[in-house]
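The values are calculated or read from the model by the stated rules, or taken from the named source; none is laboratory data. These numbers come from a predicted model, not from an experiment. Note that each Cβ is placed from the backbone with ideal geometry, even for glycine, and that neighbours are counted across all protein chains shown.
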Amino acid sequence: MAVTTDIVQSWRRPRAVFQRKRAEGLVEARLLATLMGACLLIFVSLTPRLAREAHFDPSVPLDARMAGALMAVLFLVPLIAYALAGLTRLVARVLGGKGSGAASRLALFWSLLATTPLMLLHGLVAGFIGPSTGLSLLGGGVALVFLYIWGNMLAEAER
């Protein structure tokens with residue numbers, strides 16, 4: 001299936017998408033590509049907010065803000081994601097989970113990728129409207145959707 005179709009399906013039936021992805025094979029290169037795709041889209045989602053901040057506070061130019069965000073999202077987020085996936089795998093093992101490290105990584109990385117459409121919307125709202133109650137509510141919604149998808153996929157990974 002196409003990635004976009006799988007993303008939409010992840011919102012409705014995350015366990016079925018996880019099973020299909022696991023059946024395709026838990027190849028580390030594919031897992032890393034999923035994570036890096038998610039990181040790239042997360043970086044794109046940050047650009048409207050960074051442009052707004054640079055416009056209202058020109059003391060830090062846009063290119064410096066973009067470079068900092070790029071370093072953080074493309075280099076630090078993958079390291080944090082791998083560490084988080086490993087930690088959740090250890091916790092799941094203690095609680096009796098029967099999954100693997102690769103399945104835990106797939107659950108986390110795919111959940112990140114599946115929530116990027118909402119992250120892109122959040123970035124647009126942050127860029128055009130700025131800090132507001134609506135932006136905070138949308139941010140909470142993004143977090144809840146991510147936790148819903150990740151929780152279901154992680155539960156399926158540890159069955």
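Details
- For segment 111-138, a residue qualifies if it is farther than 21 Å from M66 by Cβ, surrounded by 15 or more Cβ atoms within 10 Å (Cβ to Cβ) and of a type outside the set (S, T, N, Q), and the qualifying residues are L113, A114, P117, L118, L138.
- Matching entry among L124, L90 (being farther than 18 Å from S10 by Cα, of a type outside the set (S, T, Y) and in contact with a Pro (Cβ under 7 Å, 6 or more places away or on another chain)): L124
- Residues in segment 1-22 that are of a type outside the set (A, V, I, L, M, F, W, C) and either within 21 Å of L120 (Cβ to Cβ) or outside any helix (DSSP H, G or I) (or both): T4, T5, D6, Q9, S10, R12, R13, P14.
- Top-ranked residue of segment 60-110 - restricted to ones that are of a type in the set (V, I, T) and loosely packed, with under 14 Cβ neighbours inside 10 Å, ranked as nearest to E28 (Cα to Cα): I80
- Residue in segment 94-113 that is under 21 Å from G140 (Cα atoms) and of a type in the set (V, I, T) present: no
- Selected residue [at pLDDT 95 or above and charged (D, E, K, R)] from R49, R22: R49
- Residue in segment 66-82 that is of a type outside the set (K, R) and in contact with a Pro (Cβ under 8 Å, 6 or more places away or on another chain) present: no
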